[in-house]
Structures are given as structure tokens and as C-alpha cells.
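Q: Here it is, the structure, as C-alpha cells.
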Amino acid sequence: MNDIKVSARDVQVWYADNHAIKDVSVEIEDKTVTAFIGPSGCGKSTFLRCINRMNDTIDICRVEGDILLDGEDIYDPQVDPVQLRAKVGMVFQKPNPFPKSIYDNVAYGPRIHGLASGRSELDAVVEKSLRRAALWDEVKDRLNASGTGLSGGQQQRLCIARAVATEPEVLLMDEPASALDPIATAQIEELIDELREKFAVVIVTHSMQQAARVSQKTAFFHLGNLVEYGETSQIFTNPVDPRTESYITGRIG
Amino acid sequence: MNVSILSVIVLGLSVLGFFLARRRALSKVNGKAYKLHSRPIYYGQVVFLFTAVPALLVLALWLFIQPIAIERQVSAEIPASAIPKGSTPQLVMSDVRRIAGGIDAMLHAGNITKAEFNDMSVDTTSIRSQLASVGIALGADVTPAVFEAAKSYRNMKNVGHTAMAAVVLVVALAGLLLSLARITPAQRARNIAEHFILALLIGASLVAILTTLGIVLSLLFETIHFFRIYPARDFFLSLTWNPQFRGGSDLGMIPLLWGTLYISLVALVVAVPVGMLIAIYLAEYAGKNLRSFAKPAIEVLAGIPTIVYGLFALITVGPFIRDWIAVPTGLGNSSSSVLTAGLVMGIMLIPFVSSLSDDIINAVPQSLRDGSYGLGATRSETIKKVILPAALPGVVGAILLAASRAIGETMIVVMGAGAAARLDLNPLEAMTTVTVKIVSQLTGDTEFASPETLVAFALGLTLFIFTLALNVLALYIVRKYREQYE
Ligand SMILES: Nc1ncnc2c1ncn2[C@@H]1O[C@H](COP(=O)(O)OP(=O)(O)O)[C@@H](O)[C@H]1O
Ligand SMILES: [Mg+2]
């Protein structure tokens, strides 16, 4: 059993009057891939965005309840959401490299947070991050080329490299492979499995096969509720809640 | 028959044709519309177009060509002896036109009858005084040759107009009948109508393009003319601008170009930072409500006529700068200055920069902002390091557009910076620009063929090429930028 990295208690989220997350409590383990599954619109992305306070950037969004990172409340007024996001990295559904060079994309976070002093240290960080994202061999000869010129799968791995370069502790991924072809998807999944050695990884996915392949823990959301949370193998073979079973067997969703 | 009645008749015929054609098409298939190649309305459209368009085109061409043709004819009839010393055929022709118009007015007012007019001749009547009674004042007594020319001018005009009405009506009727006769169920009426309309659209855009071409060519010809009588080297390289009405002028463009660039530069120095800050605020910080109010409010600045800005420069900014900056620092004592014009022009340009830049910043995808925030960047880091670099090409385009606007501005310069051509670095001195000098050279009293006047065309062409290049550059940059996100 790994340590608890993130622990959420009675989280509620509203978009104006829309109650998008209802009473969700969950404990996310370190060095584990946790998958959020559920029909679209059930609040997976919303809950994921609570963990790095990305919802703060949406005016109408209101979050209640406690979310603890290593036992400390991330919604405490003492906590700067900007600092928090350096610790809890995020990869988005659509690859969104900045219109800068590959190098500058990866160096973006380290430069902002002052993680490297001097060019050679920064070079090392960039190389290490690109290697971790399994992209180094493909781009090492063209680090100065634009990041937007890469293929979709390469762009997404660049975004992963960009996220791991800030040395986060938790990595949030919102459907990171949904815009990619099967080969690129397989590469990303393999990568996620490796990232688990260093980080707590939380991945939202609409593909149940993907959840089964990459995750150790699975949480099933339905209409804003966390219906069931447990070992991936148990959720997929022996779900407790009838709604989970219906979703997994394809009757809802 | 006058032109508007004629056009109404043609349109009436076309509308009639429309309904007849629809009926005819339907009756050919016994009312079973599905047997027609196209919907009945298209048969109507075809007849409408074939009735109206050729007839109206003939009308337009006729109106264009007739005066030219008559003018030729009549001026050929005037013997050289009828042209007094010191006058020109053009001046005599304008007398002819006025006499002809005067006769029309007299007939219309009932001062004379048709019969009286036919008997009229220079010897028996004082035409000059009769014309004066209907408000046409002539400089000298009318000579017989001129009077005869005026008579035949009138005649030809009347005959021409009658012929025009006849021809136009024949063309309209022919179009109507022929296109009605050609209706068959298999006729591809929709395709014909659509091609016809397409041709009309292309024609319309050709008119715009040809007009531009015409403007450029006329500028070009006059410029070539100018360079025949004034050395191009002096125009481009001489450092003095000093036109003399007696000839022997110095027409060096450089002081004017310098004034243009200097004032534009001051304007951009004002407009670009302010405009950019406004754009960043509006796009990234302002709330929805504020934005929906502030953006149009700033754009109002762009709608103020430049003459009003000019007044502002003349009455408020100029004296202020003179009294509070120029005189105390001892750098000048004129209320017209580069700084005045530049400042006021800068204010005028703010909305160009801010509005376009705001649109461009808004077009930067939200996903890039999310990506940056997700890495722990603050809002200002995100703006500086992601949004502005991503928006930069578009913003540069916006700035170049503002620059070309500044270069072409005239009113603010006349009223803010004066009309003295000067090659100077002091921003508190009066200076002037290319556009101002174009106006003043053309509104002078000099002969039209003198270098002092023709230089305006050379200046105009230079300015045209300059702003065209800026615009092309701006469009190129903006377009290149757009490709990134589509
Ligand atoms: N930015 C937003 N503004 C308003 N409502 C939102 C926003 N994002 C999501 N929602 C609403 O919250 C609910 C959950 O959405 P989301 O978390 O995106 O679901 P999922 O990721 O599971 O498909 C939906 O009803 C959606 O309409
Ligand atoms: Mg989602």
C-alpha cells in the first residue's frame, strides 16, 4: 500500500447554479495511476481541475470541501495556487504546445520557477524531461524547431515533458490520448506506466480499455457523484454498484 | 424622355417578363413544375436579367459616350477664326455648352417659342442679354459661329437622347421576347441565371479593380510628365523644398518625407504603447461587462473626423505645448509643432492599435493560457511569455496598418504641425508632410503643366507606393500568423 498523496473530502463544485460535483471524497495514492471514468458531462474534468485549482481561472466556478495534498489543505488562503500548480502538473486533452521552440516549451516551467541556474543545468533538465516523455530521440536534433510543427502524438508527449520538467509530485491528465491515433495512444499509455515510478498520476479517460490497461485504481463518476472507487481489477470484474456495472457493460454512457 | 423614366420602363418590362416567363414555363408542362429542369422562379429570373441588364448597360454606355462624341463633332465645326485671341478651343466649347443650356432654359421658361428660336440669329437678337435674363452670364457678345455651334450642339443632344430612348427600349424588348421565346422545359434556367449573376458580380469587382488601376495609371502618367520637366535626382535627393511661382523652384522631397516619418513616428510612439496596454487590459483582465462597454467607447475615437482632431491640436494641444514646454525650455516658440501633430495623431490611432490587437490577443487559443497556468505561471507571466509572443505577428500587422494611416493623414498635420517644410530634429518646430504639400501645390494658382503643380503627382505616387508596401507587409504578416491556429 502506497502513501496517500491527495485526499479529497466532501468536495462540491458549482458552475453558477449547476451542481457539477456532489459530495465527492476520494484518496489518491502516490506512485499509482488512478483513472477517472464515467459518461461525458459527469464531472471528471471538473474534479480533476479541482486538484490543481485550475477551476480558479473560471469566474463562475465555486468549490467547497477540503482537498489535501500531503495532508495540507490546498484551498487554504495561505496557499498560492500558482505555486500549487508547479507541484501538481497538468496535461490537457488537446495537445497545446506553445508556439515556441521545442526547447523553450520544455524550459518554460523551469525558467519560471527558477529550477535551473545556468544554461547547462537547463539543458540537462530539458534533456531529462524529454527522455522521460520518450521524445528525446525524435527531437534531439531539432530542439530549436517549433513545437507546433510536431505530429499530434509528439506534441502531446512534448506537453508531458513540459509538465514533468517542473518536477511536479502529481500529474493530472485529462483524456491525454483522445485526440491521438492508436499508435500514438499506445506510446502515451506506455509512458504513463513509466511515469508512475516518480509521480502520482491521475488520468481521466472515456475509454474503459485504457483505464483497465494503465491504471491500478479506478474511480467511476456518474452525474457528479463518485459512485465507486477501488482497485481497477475489482471495478472491472466485480463492480459493487449496479450503475458501475451498467456503464462497464455498455448499458449507460 | 429622361433617363430615370427610361430606367423605370426597362425595369417594369423586366418585372413583367419575370411573371410572363414563370407562367409560360409552367404552362409548357401543364402546371407540373417537377417536369421543368429548374424551379419556375429561375425561368422568371433569366427573362428578367436578359431584359434588364443589356438594356441598362446600353443606357449607361450611351450616357458615357454621347457627350464625348458630340463634343468632338461640334468642336470640329467651330472654325479656327471663331476662336478669339487669348482664348482656347476648350473655353469656346464651354461657352457653346452654356449657350445651348441657356436656350433650353429659355424654351422651358416660355421666354421664346420654338418658332422664334428657329428664326433667331445673332444679327437680329441680342442673345447675350436674353441669356442673362435666365441667369446665364456670358463674358462677350455671341459670335455667329459660336451660336451656330450651340444650335447644332443642342440638336445633336436632342437627337441623341431620342435615339438613346429608342435603342434602349428596343434592346429591352428584344431581350424580353427572345428570352421568352427560348423557354423550354429542358432549358437549364437555374444554371443560366446563376452564371449570369456570377458574371455581374465579377463585373462589379472588375469596376473596383479597374478604378484602382486607373488612379495608379493617371498618377503614373503625370509623374512621368513631371520627371520630363524636373530632374528626378533633384526630386529624390535635394534637401530643400522651396517652390517658386515664377519657376526655378527647389522641389526636393526629403524634407517632406522626413516630416511625414517624424510625425508618424511620434504618433506611433504614443499610440502603440497605450493601445497595446489597453488591448492587454481588455483582453486579459477586464470583465465581460466592462469590456462590452469600453471597447466600443474607445472605438468612438476612430470615428471622430480628423478635422476635429485638427481643431483640438490647433486650439488646445498646440498652445499648451508652446506655453508649457517649448517656451520654458527655449526650444521653440511656435504653436505648430511635430510634437503637437504627433500627439494628437497618436490619440487618433489608439483605437486602431487597441481594437485590432485586442481581437488578435483574443484569438490566441484558451488552451495556451490553460497550458501556461497549468505549469504554475502567473497571469502576467502568461501574458508576457505566451500570449504576446503568440500574438506578436498579428500585433505587428496592426501597428503597420496604423502606421500607414498616420502617413496618409493630412488634416491633423496642417492644423497641428503647420505647412513649413523643414529638415530638423527638434520636435517643437513646425514641420510638414507629403500630404499637406500635395494639397497646397494643387490648390495654388499656378498653371497645371508646371513642375510646381505636377510635383504633387510625384509626391502622391511616392506616398502611394510607401503605404502600399506597408499594407502588403502588414497583410502578409497577419496572414502568416493566422495560419498557425487554423
Ligand atoms: N467552464 C464551465 N462553465 C460552466 N459549466 C461547465 C464548465 N465546465 C464544465 N461545466 C459543466 O460541468 C459539468 C461537468 O463537466 P465536465 O467536468 O467537463 O465533465 P466530463 O469531463 O466528465 O465530461 C457539465 O454539466 C458541464 O456542462
Ligand atoms: Mg472532460
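The values are calculated or read from the model by the stated rules, or taken from the named source; none is laboratory data. Just so we're clear, the structure is a prediction, and the values are computed from it rather than from any experiment. Methodologically, a virtual Cβ is constructed for each residue, glycine included, from the backbone with ideal geometry; neighbour enumeration extends over all protein chains shown. Keep in mind that these areas ignore ligands, DNA and RNA; they rest on the heavy atoms of the full protein, side chains included. Shrake-Rupley method; radii C 1.70, N 1.55, O 1.52, S 1.80 Å.
Q: Taking amide H atoms as placed 1.01 Å from N in the peptide plane, list the residues 5 or more away in sequence, or in a different chain, whose amide H sits under 5 Å from that of B:Trp241.
A: B:Gly252
Q: Here's a follow-up. At 7 Å along Cα-to-Cβ for each site, give me the label-to-label distance between B:Leu107 and B:Asp424 in nm.
A: Rounded to a tenth, the inter-label distance reads 6.4 nm.
Q: Once both labels are modelled 7 Å past Cα along the beta-carbon direction, what's the B:Ser94-B:Tyr285 spacing in nm?
A: A separation of 6.1 nm, rounded to one decimal place.
Q: Using only the alpha-carbon atoms, how far is helix A:152-164 inclined from the longest principal axis of chain A? Give it as 0 to 90 degrees, nearest 10.
A: The angle comes out at about 90 degrees.
Q: Taking amide H positions as placed in the peptide plane 1.01 Å from N, state which residues far from A:Asp73 in sequence (5 or more) or on other chains have amide H under 5 Å from it.
A: none
Q: What does the average come to when, for each residue of peptide B:375-388, you count the partner chain Cβ atoms lying within 10 Å of its Cβ?
A: Mean inter-chain Cβ contacts per residue within 10 Å come to 5.
Q: Just to confirm, what accessible area per residue do you get for region B:195-243 at 1.4 Å probe, in whole Å²? All intermediate terms of the calculation are to be shown ahead of the outcome.
A: Values: 3460 Å² over 49 residues.
In whole numbers, region B:195-243 has 71 Å² accessible per residue.
Q: Moving to a separate point now. What accessible area per residue, rounded to a whole number of Å², is obtained for region A:3-145 using a probe radius of 1.4 Å?
A: Accessible area per residue, region A:3-145: 44 Å².
Q: Turning to a different aspect of this structure: Among B:Ser38, B:Val159, B:Ile65, whose Cα lies farthest out toward the positive end of the dipole of region B:3-187, if unit charges sit on the beta carbon of Lys, Arg (+1) and Asp, Glu (-1)?
A: The residue sitting farthest along the positive end of the dipole is B:Ser38.
Q: Here is a further query. Students sometimes get this wrong: rank B:His37, A:His222 by accessible area, probe 1.4 Å, all chains present, largest first.
A: B:His37, A:His222
Q: With all pairs of different alpha carbon atoms counted, what Kirkwood hydrodynamic radius in Å does chain A show?
A: 18.6
Q: Here's another thing I want to ask about it. Determine ³J(HN,Hα), in whole Hz, for all residues of region B:227-236 in sequence, where each value follows from phi through the Karplus function 6.51 cos²θ - 1.76 cosθ + 1.60 and θ = phi - 60°; x replaces Gly and Pro.
A: Computed from phi, the couplings for region B:227-236 are 5, 5, 9, 9, x, 4, 4, 5, 4, 7 Hz.
Q: Could you work out the local net charge near B:Arg369, counting Lys and Arg as +1, Asp and Glu as -1, over the other residues with Cβ closer than 10 Å to its Cβ? Don't skip to the end; give the middle numbers.
A: Details: positive: B:Arg379; negative: B:Glu284, B:Asp370.
Computed value for this residue: -1.
Q: Further question on the same structure: Under a crude label model (7 Å from the Cα following the beta-carbon direction), how far is B:Val439 from B:Lys85 in nanometres?
A: 4.2
Q: Loop only per DSSP, at most 16 neighbouring Cβ atoms within 10 Å: give me the trypsin sites (Lys or Arg not before Pro) in region A:211-253, ordered by residue number.
A: A:Arg251
Q: Still on this model: Other chains' Cβ within 10 Å of A:155-165 residues: what's the mean?
A: Values: counts 0, 0, 0, 0, 3, 0, 0, 4, 3, 0, 1.
So the per-residue partner count for this stretch is 1.
Q: Classify the protein assembly as shown as rounded, prolate or oblate, taking a ≥ b ≥ c as the square roots of the eigenvalues of its Cα gyration tensor: rounded when a/c is under 1.5, otherwise prolate if a/b is larger than b/c and oblate if not.
A: In terms of gyration-tensor shape, oblate.
Q: Let me ask something additional. Using a/c under 1.5 as the rounded threshold, could you call chain B rounded, prolate or oblate? The axes a ≥ b ≥ c are square roots of the C-alpha gyration tensor eigenvalues, and prolate needs a/b larger than b/c, oblate otherwise.
A: Numbers: a/c = 2.78, a/b = 1.25, b/c = 2.22.
Oblate, since a/c reaches 1.5 and b/c is not below a/b.
Q: Here's something else I'd like to know. Which pairs in the list A:Lys44/B:Lys385; A:Lys100/B:Lys480; A:Lys100/A:Lys140; A:Lys198/B:Lys384; A:Lys94/B:Lys385 are over 26 Å apart, alpha-carbon to alpha-carbon?
A: Where the Cα-Cα span goes over 26 Å, the pairs concerned are A:Lys44/B:Lys385; A:Lys198/B:Lys384.
Q: Would you grab the residues whose amide H sits under 5 Å from the one on A:Val227? Only those 5+ places off in sequence or on another chain, please, with H modelled 1.01 Å from N.
A: Long-range HN contacts for A:Val227: A:Phe220, A:Phe221, A:His222.
Q: Given N residues in region B:241-485, what is Rg(Cα) / (2.2 N^0.38 Å)?
A: Against the compact-globule rule of thumb, the ratio is 1.17.
Q: Then there's this: Mind listing the phi-derived Karplus ³J(HN,Hα) values for region A:224-241, rounded to whole Hz, using 6.51, -1.76 and 1.60 with θ = phi - 60°, and x for any glycine or proline?
A: Karplus values, whole Hz, x for Gly and Pro: x, 9, 7, 7, 8, 9, x, 4, 4, 4, 5, 4, 7, 9, 9, x, 7, 7.
Q: So what's the net charge close to B:Tyr42: Lys and Arg +1, Asp and Glu -1, counting the other residues with Cβ under 10 Å from its Cβ?
A: Values: positive: B:Arg22, B:Arg39, B:Arg188, B:Arg190; negative: B:Glu194.
Net charge in that neighbourhood comes out at +3.
Q: How would region B:3-187 be classified by its alpha-carbon gyration tensor: rounded, prolate or oblate, with rounded meaning a/c under 1.5 and the a/b versus b/c comparison settling the rest?
A: prolate
Q: Which whole-Hz ³J(HN,Hα) couplings does region B:160-172 yield from phi under the Karplus relation 6.51 cos²θ - 1.76 cosθ + 1.60, θ = phi - 60°, glycine and proline marked x?
A: x, 5, 4, 4, 4, 4, 4, 4, 4, 5, 4, 4, 5
Q: Looking at chain B, which longest stretch skips every one of the chymotrypsin sites (Phe, Trp or Tyr not before Pro) that is in a DSSP loop with at most 15 other Cβ atoms within 10 Å, leaving the sites themselves out? Before the final figure, lay out the partial values.
A: Working: sites that count: B:Phe245, B:Phe448, B:Tyr485.
Answer from the scan: B:1-244.
Q: Right, something else. How many partner chain Cβ atoms sit within 10 Å of a residue's Cβ in peptide A:79-92, on average, as a whole number?
A: 3
Q: Note the full-extension length gain between B:Asn158 and B:Ser334 as 0.36 nm times their separation in residues minus their Cα-Cα distance, in nm to one decimal.
A: Values: separation 176, 0.36 × 176 = 63.36 nm, distance 6.05 nm.
Here the answer is 57.3 nm.
Q: Where the centroid of each part is defined by its Cα atoms, how far is region B:353-398 from region B:69-142 in Å?
A: Measuring centre to centre over Cα atoms gives 72 Å.
Q: Right, something else. Leaving out ligands, DNA and RNA, and with a 1.4 Å probe, what % of the accessible surface on region B:331-486 is carbon or sulfur?
A: Answer for region B:331-486: carbon and sulfur cover 64 percent of the accessible area.
Q: Efficiency by 1/(1 + (r/R0)^6): what FRET value for B:Leu311 and B:Gln244, r their Cβ-Cβ distance, R0 = 25 Å, to the nearest 0.05? Write out the running numbers ahead of the final one.
A: Numbers: r = 32 Å, r/R0 = 1.27.
Calculated transfer efficiency: 0.20.
Q: Continuing with the same structure: Between beta-carbons, use under 15 Å as the cut-off and find the net charge around B:Glu71, counting Lys and Arg +1, Asp and Glu -1.
A: +3
Q: Sticking with this structure for a sec: With each run of n ≥ 4 DSSP H residues scored as -39500 (n - 2.57), what mean residue ellipticity at 222 nm is computed for chain B after dividing by its residue count and rounding to the nearest 500 deg cm²/dmol?
A: Working: 19 runs with 346 residues, N = 486.
Taking each H run of at least 4 residues, the total per residue is -24000 deg cm²/dmol.
Q: Evaluate E = 1/(1 + (r/R0)^6) for B:Leu213 and B:Leu261, where r is the Cβ-Cβ distance and R0 equals 35 Å; express this FRET efficiency to the nearest 0.05.
A: Using R0 = 35 Å, I get an efficiency of 0.80.
Q: Once each part is reduced to its C-alpha centroid, what is the distance from region B:447-465 to region A:132-162 in angstrom?
A: 57
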